[in-house]
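These notes are about the structure you will find just below.
The values are calculated or read from the model by the stated rules, or taken from the named source; none is laboratory data. As the structure is a prediction and not an experimental result, all values here were calculated from the model. Cβ coordinates were reconstructed from backbone atoms using ideal geometry, including for glycine residues, and neighbour counts include every protein chain displayed. Protein only, heavy atoms only, side chains kept; ligands, DNA and RNA dropped before computing areas. Shrake-Rupley method; radii C 1.70, N 1.55, O 1.52, S 1.80 Å.
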Amino acid sequence: MVYVLVKKETDFFWLFFHSWEQRKFGSMCSIVTKQTGFDYTKTIKKSLLTKASDDTLPYLQTKNFTGTSIDYNTDYYIPKIVAKDFPKINLDEKCILFSIVGASVGNIGLFPGDRHCFLSGAICVSKLLEENDADYLYHFMCSKNGQNQIHTCTKGGAQATVTIEDIRDFDVMIPTKAERLKIGAFLSNLDNLITLHQRTYY
């Protein structure tokens, strides 16, 4: 098989993708979930602290990530002893974050997995069956195809929302594993190069 891949801003262009298949995003994840309102009200809210310590984790909010940029200097921190009771929303591996409520709907984050954080509300975390797929799936969901699916299923007006079920049901075009790794690495390297140039000129 021969394919051509070009990235221009946030668009993917594929040619000759005969062996690619369409799969549901959720089928490539071990879990797609978010913090529940019940857990927040009952336990998490009253446990939040405003100062970090060796016994706390950053409480990651939507404003703390944009793409591959993660700000660990968060407004709040949660004690590790509380966080351990919510393993599904502990961030300690490479995974994909979705802003699912409000003006930031459509913002996708790639959490690198080199730090341990805790997920706040209004964010969906997608932990993958294979962490090596993270770069490819992140770039796919940032593409025009991925963003169109997000905007198509967005509900509400001033308080826009995307549901967990919507995210699990997104269609993703999948090449072979080897090709996914190459494409993900290529686009991540390209993003890093662009970031370096931006730092040079600004």
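Under a point-charge model restricted to the Cβ atoms of Lys and Arg (+1) and Asp and Glu (-1), what is the dipole moment magnitude of region 103-165 relative to its Cα centre, in debye to the nearest 20?
320 debye
What accessible area per residue, rounded to a whole number of Å², is obtained for region 17-111 using a probe radius of 1.4 Å?
It amounts to 52 Å² per residue over region 17-111.
Between GLU21 and THR161, how many nm apart are label points set 7 Å from Cα along the C-beta direction?
The two pseudo-label positions are separated by 3.4 nm.
List the residues whose amide H sits under 5 Å from the amide H of LEU128, counting only those 5 or more places along or on another chain, with H placed 1.01 Å from N in the peptide plane.
SER30
With a 1.4 Å probe and all protein chains left in place, how much of the accessible area of region 96-158 comes from carbon and sulfur atoms, in whole percent?
With neighbouring chains kept in place, the figure for region 96-158 is 51 percent.
Provide the per-residue ³J(HN,Hα) series for region 115-122, in order, calculated from phi with Karplus coefficients 6.51, -1.76, 1.60 and θ = phi - 60°, each as a whole number of Hz, with x at glycine and proline positions.
9, 10, 10, 10, 8, 7, x, 6
For a quick check: with amide H placed at 1.01 Å from N, whose amide H comes under 5 Å from CYS95's, ignoring anything fewer than 5 positions away on the same chain?
PHE111, GLY113
State, to one decimal in nm, how far the label point of LYS182 lies from the label point of GLN147, with both points 7 Å from Cα in the Cβ direction.
Taking the two extended label points, one gets 2.7 nm.
Mind running the shape call on region 61-189? Use the C-alpha gyration tensor, a ≥ b ≥ c as the square roots of the eigenvalues: rounded below 1.5 for a/c, prolate if a/b tops b/c, oblate otherwise.
oblate
Given the pairs LYS24/LYS155; LYS34/LYS63; LYS42/LYS127; LYS94/LYS155, which span a C-alpha to C-alpha distance of over 22 angstrom in this model?
LYS42/LYS127; LYS94/LYS155
Using a cut-off of 12 Å between beta-carbons, work out the net charge of the residues near SER99 (Lys and Arg +1, Asp and Glu -1, SER99 not included).
Taking every Cβ under 12 Å from that of SER99, the sum is +2.
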